[in-house]
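Report on the following structure.
The values are calculated or read from the model by the stated rules, or taken from the named source; none is laboratory data. In this text the structure is predicted, and so the values were computed from the model without any measurement. Quick reminder, even Gly has a Cβ in these numbers, built from the backbone with ideal geometry, and neighbours come from all protein chains shown. Keep in mind that these areas ignore ligands, DNA and RNA; they rest on the heavy atoms of the full protein, side chains included. Shrake-Rupley method; radii C 1.70, N 1.55, O 1.52, S 1.80 Å.
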Amino acid sequence: MIKFNDSHLKNFISDSEYDAMQGFVNVAHSYLAEKSGQGGDFLGWVDLPVNYDKEEFKRIKEAAEKIRSDSQVLLVIGIGGSYLGARAVIEAVKSPLYNNLKKDTPEIYFIGNSISSAYLSDVLSLCEGKDVSVNVISKSGTTTEPALAFRLVKTFMENKYGREAARGRIYVTTDKARGTLKELADGEGYEAFVIPDDIGGRYSVLTAVGLLPIAAAGIDIDSLMRGAFDARGTFSDPRIDANECYKYAVTRNCLLRKGRSIEVTVAYEPGMWCFEEWIKQLFGESEGKDGKGLFPAGMIFSTDLHSLGQFVQQGARNMFETVLWIESSDKDVTVPEDAQNSDGLNFLAGKTMHQINEKAFQGTVLAHVNGDVPNAIIHIPCADAYNIGALIYFYERACGLSAYLLGVNPFDQPGVQMYKSNMFALLGKPGYEQLRDELKKQL
Ligand code: PA5
């Protein structure tokens, strides 16, 4: 199971500081357990690993099986919480090079997460001569980026297969009753999957939002859910000293109170880059409001030790690091002996790359702690579906608790709406005339 290691925090937070937070944690915990805090209608993710829709889960597996059997490419259209989780899991469990590896599952491209015509056109050119399926994902069903991408992809699919056959290759994941996408799905007869009402975008990776693309990549979604199920059992105790997930959330809060307003999540595996992106969205949208919050950053070491590492070691002391340490690799390689030893590296011969990576991790933690940067460490036994499922739940729970400790609603994102409205107004969407006139004066 996931372990939180606080051994390098001793000089930064005392035991009595944790004790002093227990009363606040009791309240925040009750908000999560009893759905009694702000945003309590969006706590469906808390018990999802137990009470997810088993019939839909079966349909997801069947759809994934069909996609694997009839498609060489799956286009996943979505933005924010409607794509980051799926991509994070696929890159962590399979590989950041998933699309380039030899495999019997489709290449998966994520689109509709920007408004770049170059990116979209490049992805469509990669589809030439290949069989394609599409999973369009949007809870609201109205977000511009995925809606625009889907309009183009729908035309592409209908030109390629004809309208009738294209219908059998398009899968929609959206609200059960509302939104333009739902109406479109019903009108065209696309197979549809549901994002439950009580689960917001950034907490939705363990619903059909994440599960269909993840299953299409050949990842065992039963194991993923089992990991989340076990994490729910392990991390539901309100006592800080009995719940390492809550200890992590409290650590963030204590460090913020001491001026550490930036949390850098660090991983030593490039496969965890998108998982860091998912964490950034989870914390950024859940906590960054009402003038509050920790700024969530992400780095991959040792890559970033040769760029941002200088800043971490000796720059402004306003950050702390949370290291995601993956304890073992199933693809480890061993350094060979070299008769000439012209590179002087024979002292490493016989060691595995993972063992060397571990020394880089240990050496860096000590250097950064000595440089006055608190380091929290999260140990993950390995990056398989089970442990990544557990890590997802660990983070969702930590984030919900942490945001309640801050005194904000973890489950709304009013700031995201502002740019969307401005963009609609500037593009001339009907209903936004007054805002457009106001904005024009400011441009
Ligand atoms: O977490 C959230 O709610 C957001 O980041 C959404 O996931 C994102 O804005 C996409 O929204 P939708 O799924 O409605 O297209």
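Side notes on the structure shown:
- Taken over the stretch 188-206, the residue count meeting the criterion of being of a type outside the set (Gly, Ala, Ser) and in contact with a strand residue (DSSP E or B) (Cβ under 8 Å, 6 or more places away or on another chain) is 6.
- Pairs where the first residue, in the stretch 311-333, is closer than 17 Å to GLU358 by Cα and touching a residue at least 40 places away in the same chain (Cβ under 8 Å) and the second is open to solvent by 10 Å² or more (accessible area, probe 1.4 Å) and among the charged types (D, E, K, R), C-beta under 6 Å, 6+ apart: ILE326/GLU269
- Checked against (1) open to solvent by 10 Å² or more (accessible area, probe 1.4 Å); (2) farther than 30 Å from GLY407 by Cβ; (3) under 20 Å from the mean Cα position of the chain (by Cα); (4) away from the ligand (no atom under 16 Å from the Cβ), VAL194 passes all but condition (4).
- Unique residue being open to solvent by less than 20 Å² (accessible area, probe 1.4 Å) and outside any strand (DSSP E or B) when the list is LEU324, LEU401, LEU366, LEU405: LEU401
- When every residue of the stretch 283-297 is checked against the conditions, none turns out to be basic (Lys, Arg), within 20 Å of GLY407 (Cα to Cα), assigned to a helix (DSSP H, G or I) and modelled with pLDDT of 95 or more.
- In the stretch 68-83, the residues that are within 16 Å of the ligand (Cβ to nearest atom) and either in a helix (DSSP H, G or I) or open to solvent by less than 40 Å² (accessible area, probe 1.4 Å) (or both): LEU75, VAL76, ILE77, GLY78, GLY80, GLY81, SER82, TYR83
- Pairs with Cβ under 7 Å, 6+ apart, first in the stretch 76-91 and without any contact (Cβ under 8 Å) to a residue 24 or more places away in the chain and closer than 19 Å to PHE394 by Cβ, second within 12 Å of the ligand (Cβ to nearest atom) and aliphatic (A, V, I, L, M): none
- Here GLU188 does not qualify as more than 20 Å from ARG68 (Cα to Cα), surrounded by fewer than 18 Cβ atoms within 10 Å (Cβ to Cβ) and within 16 Å of the ligand (Cβ to nearest atom).
- Hits in the stretch 248-275 (condition: part of a helix (DSSP H, G or I), surrounded by fewer than 21 Cβ atoms within 10 Å (Cβ to Cβ) and touching a strand residue (DSSP E or B) at 6+ places or on another chain (Cβ under 8 Å)): PRO270, TRP273
- Pairing each residue of the stretch 406-417 that is within 11 Å of GLY291 (Cβ to Cβ) with any residue that is polar (S, T, N, Q) and within 9 Å of the ligand (Cβ to nearest atom), provided the two are 6+ apart or on different chains, yields C-beta distances under 8 Å for VAL408/SER286.
- The stretch 408-443, subset open to solvent by 50 Å² or more (accessible area, probe 1.4 Å), part of a loop (DSSP other than H, G, I, E, B) and not basic (Lys, Arg), residue modelled with the lowest pLDDT: LEU443
- Among the residues of the stretch 199-222, the ones that are assigned to a helix (DSSP H, G or I) and farther than 13 Å from ILE137 by Cα come to 6 in all.
- Checked against (1) over 30 Å from LEU406 (Cα atoms); (2) out of contact with any Leu (no Cβ under 7 Å at 6 or more places or on another chain), ASP237 meets all criteria but (1).
- When the residues of the stretch 369-385 are filtered to those that are of a type outside the set (A, V, I, L, M, F, W, C) and surrounded by 21 or more Cβ atoms within 10 Å (Cβ to Cβ), the one that is nearest to MET1 (Cα to Cα) is ASN375.
- Top-ranked residue of the stretch 35-67 - restricted to ones that are in contact with a Leu (Cβ under 9 Å, 6 or more places away or on another chain) and open to solvent by 70 Å² or more (accessible area, probe 1.4 Å), ranked as farthest from PRO410 (Cα to Cα): LYS61
- If you filter the stretch 229-246 down to residues that are part of a helix (DSSP H, G or I) and open to solvent by 40 Å² or more (accessible area, probe 1.4 Å), you find that the one that is farthest from ASN387 (Cα to Cα) is ASP241.
- Cross-chain or 6+ apart pairs with Cβ under 6 Å, the stretch 41-53 first and closer than 12 Å to ARG232 by Cβ, then open to solvent by less than 70 Å² (accessible area, probe 1.4 Å) and not aliphatic (A, V, I, L, M): TRP45/TYR203; TRP45/GLU396; PRO49/ARG232
- Taking residues in the stretch 101-126 that are buried (at least 19 other Cβ atoms within 10 Å of the Cβ), and partners anywhere that are acidic (Asp, Glu), the pairs with Cβ atoms closer than 8 Å and at least 6 places apart or on different chains are GLY112/GLU145; ASN113/GLU145.
- Among the candidates ASN159, ASN135, the residue that is out of contact with any helix residue (DSSP H, G or I) (no Cβ under 7 Å at 6 or more places or on another chain) and either open to solvent by 20 Å² or more (accessible area, probe 1.4 Å) or within 16 Å of the ligand (Cβ to nearest atom) (or both) is uniquely ASN159.
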